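Beneath this line is the structure, given in structure tokens, with notes to follow.
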There are 2 protein chains.
Amino acid sequence: MKIGIIGLGLMGGSLALSLKKLPFIQEIVGSDHNKEHQEQALELSLVKKIVEFEEIKKCDLIILAVPVDGIISIINQLTDIPENTTVIDFGSTKEKIVSSIPAQIRKNVVAAHPMTGTEFFGPYAAIEELYTNSVVVLCDLEDSGAHQKEVAIKLFEALRMNISYMHAHEHDRHTAFISHMPHAISYSLANTVIKQENRDDILTLAAGGFRSMSRLAKSSPAMWEDVFKQNKDNVLEAIELFEKELQNFKKHIKDENWKELHKDMQDANTLYNIFS
Amino acid sequence: MKIGIIGLGLMGGSLALSLKKLPFIQEIVGSDHNKEHQEQALELSLVKKIVEFEEIKKCDLIILAVPVDGIISIINQLTDIPENTTVIDFGSTKEKIVSSIPAQIRKNVVAAHPMTGTEFFGPYAAIEELYTNSVVVLCDLEDSGAHQKEVAIKLFEALRMNISYMHAHEHDRHTAFISHMPHAISYSLANTVIKQENRDDILTLAAGGFRSMSRLAKSSPAMWEDVFKQNKDNVLEAIELFEKELQNFKKHIKDENWKELHKDMQDANTLYNIFS
């Protein structure tokens, strides 16, 4: 099987590193609109060669690992691919992507969201074990072709990922709460602290707590701009519900309502029962 | 030197574990108002014996590793300790503590804030290397006695900690932004998600991002209630500045002002220049 990866950053680059070890993959080629990323990807041997879009189209499996706006644009340039080609997109939002797939290639496409990543980006962020043991959500799989489903499942199983199934609409709402809104918070927290505190005080006083709360604030603006764009309504709703929760928390402090504050913290502690 | 540790949870218990290895410590005794914690501390051999408050008072060095309200109450029961006794409090807020130390024992006390911890609490959370290589902030050190300063510095150096000096007032403002407000956010984020999402979806979709953003929400309500109480004004100010920042972020999404949103995220990315 010949694989073409579009986008050789953290997600595409890490995928290339793990695919190399799979016996059923004969060749991995890549493309990236960023010249510097192309050079870095070759330097790091993520892919054997960088090819033109026309050659990517001839691959058996095409992976789209670019920001979500880019995914929509590329899918719309793939209308002439052969019937047996599989296209898997790695977008973090899914509803706008699946609804924008041209009808004549709907069966070719499998909409996937690998629930993994780091705050780093670009080819140098690529790490081999990024996908191992993490979850991949496949959306609206009933609209993909039988062959394409098979290829996608074979791929994710070979990467030792846990496959979960969801409707795109449902996926976007859940991820707004569990992933996208927390990113908005982390970016805003980082900016609040950067404006109020100087570098030395941050370095002295930032223990594990602030580091873990601000880690996501280092994530790629290009990727996240598209996520907020494509999942706008869900994200706004999630931020507003969070704002209400925080206002409540603040009100308990302001009113010195320690009993209620304590109860809120105990409620939050129940996350223990979900994961520790 | 004989050491008495009041409070045998994460902070006191971890301290006991590291002190055991120091040559200049002859005996470590402990006390904890929680019966269960007393038993666990003995079971885990954190301390050799649990003693009454009157015996703690006879130690050369007394460590107060309890929530901040408890620290204030205990310090006020220590007015009859010998001149050479050193009392070090480990409270996460400092201004109310230093201002509540009775004048006759002001020189005995060193106000310290070790900038380390985990989200776990109680004796079972104790880990030996908790203090190694982390920062300890000593506040208003000019008000402590020469002997007490020496004991405190000797102790923290033996624990291989990096000592930083600050005024209590300054400390409380900085930590409101860098530690206390981020905790309020994490508790509120956890509660927002727990109310909106079910256990299975959280487990499936929570990758590293949500896990790191919600980790602090598992912290001890008893400890954090006191922090919010004692640092109320600074914490409220920090939450309000964060709320404004998030409102701005939300407004950019609502208004589809992607250029400004992108710029905000790039600003947040500068945290890279502080720590990676």
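A short reminder: the numbers here are calculations on the coordinates, not readings from a lab. From a predicted model like this one, the values you see are computed outputs, not experimental measurements. Here the Cβ is made from the backbone with ideal geometry for all residues, glycine too, and neighbour counts use every protein chain on show.
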Mean-square fluctuation check for chain A, GNM, Cα pairs under 10 Å: which of A:Gly91, A:Gly12, A:Gly70 is largest?
A:Gly70
Residue among A:Val29, A:Val110, A:Val68 with the largest mean-square fluctuation in a Gaussian network model of chain A, springs linking Cα atoms under 10 Å
A:Val29
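Suppose every K and R has +1 on its Cβ and every D and E has -1 on its Cβ; what is the size of the dipole of chain A about the Cα centre, in Debye to the nearest 20? Could the numbers behind the result be given before it?
On the way: 29 positive and 39 negative charges, 71 e Å.
Rounded to the nearest 20 debye, it is 340 debye.
Eigenvalues of the Cα gyration tensor times 5, then square-rooted: what semi-axes does that give for segment A:171-273, in whole angstrom, largest first?
Values: eigenvalues 118, 94, 33 Å².
They are 24, 22, 13 Å, listed from largest to smallest.
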Over chain A: helical MRE at 222 nm, DSSP H runs n ≥ 4 each giving -39500 (n - 2.57), nearest 500:
-14000 deg cm²/dmol
Hey, what angle do you get for helix A:232-254 against the long axis of chain A, alpha-carbon based, 0 to 90 degrees rounded to 10?
20 degrees
Cα-Cα over 22 Å: which of A:Lys57/A:Lys232; A:Lys94/A:Lys229; B:Lys58/B:Lys154; B:Lys2/B:Lys107; B:Lys57/B:Lys232; A:Lys21/A:Lys49?
A:Lys57/A:Lys232; B:Lys57/B:Lys232
Label position 7 Å from Cα toward Cβ: report the copy-to-copy distances for A:Thr270 in nm, one decimal, ordered from shortest.
4.1
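Could you give the dipole magnitude of the protein assembly as shown about its Cα centre, charging the beta-carbon of Lys and Arg +1 and that of Asp and Glu -1, in debye to the nearest 20? Intermediate values should be presented prior to the final figure.
On the way: 58 positive and 78 negative charges, 122 e Å.
That gives a dipole near 580 debye.
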Net charge contributed by nearby residues that have their C-beta within less than 15 Å of A:Leu78 (K/R +1, D/E -1):
-3
Give the longest segment of chain A that steers clear of trypsin sites (Lys or Arg not before Pro) in DSSP loops with at most 14 neighbouring Cβ atoms within 10 Å, not counting the sites themselves.
A:161-276
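Determine, for A:Leu241, A:Leu205, B:Leu8, the number of other Cβ atoms within 10 Å of each Cβ, and report the residues in order from fewest to most.
Details: A:Leu241 19, A:Leu205 23, B:Leu8 29.
Taking fewest neighbouring Cβ atoms as first place, the list is A:Leu241, A:Leu205, B:Leu8.
Which loop GluC sites (Glu not before Pro) in segment A:53-94, with loop taken from DSSP, have no more than 12 other Cβ atoms within 10 angstrom of their Cβ?
Numbers: sites: A:Glu54, A:Glu55, A:Glu83; in loops: A:Glu83.
Those that pass, being in a loop and sparsely packed, are A:Glu83.
Only Lys, Arg, Asp and Glu count, each charged at its Cβ (+1, +1, -1, -1), so figure out the dipole size of segment B:2-166 about its Cα centre, rounded to 20 debye. Walk me through the numbers before you get to the answer.
On the way: 15 positive and 22 negative charges, 61 e Å.
That gives a dipole near 300 debye.
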For the rotation taking chain A to chain B, the chain A residue with the nearest C-beta to the axis, plus the distance in whole Å, reads A:Ser212, 2
Given the candidates A:Ile163, A:Trp224, A:Ile178, the one whose Cα lies deepest towards the positive end of the charge dipole of chain A, counting +1 at each Lys or Arg C-beta and -1 at each Asp or Glu C-beta, is A:Ile163
Can you list, shortest first and in nm, the gaps between the label point of A:Glu54 and those of its counterparts in the other copies, using a point 7 Å from Cα in the C-beta direction?
9.6
Quick one: angle between helix B:181-196 and the longest Cα principal axis of chain B, in degrees between 0 and 90, rounded to 10, please.
60 degrees
Have a look at B:Thr93, B:Ile74, A:Ile5 and report the one farthest towards the positive end of the charge dipole of the protein assembly as shown, computed about the Cα centre with Cβ charges (Lys/Arg +1, Asp/Glu -1).
A:Ile5
To the nearest 10 degrees, how steep is helix B:146-158 against the longest Cα principal axis of chain B, on a 0 to 90 scale?
60 degrees
Label distances, nm, A:Asn84 versus same residue in remaining copies, Cβ-directed 7 Å point
8.9
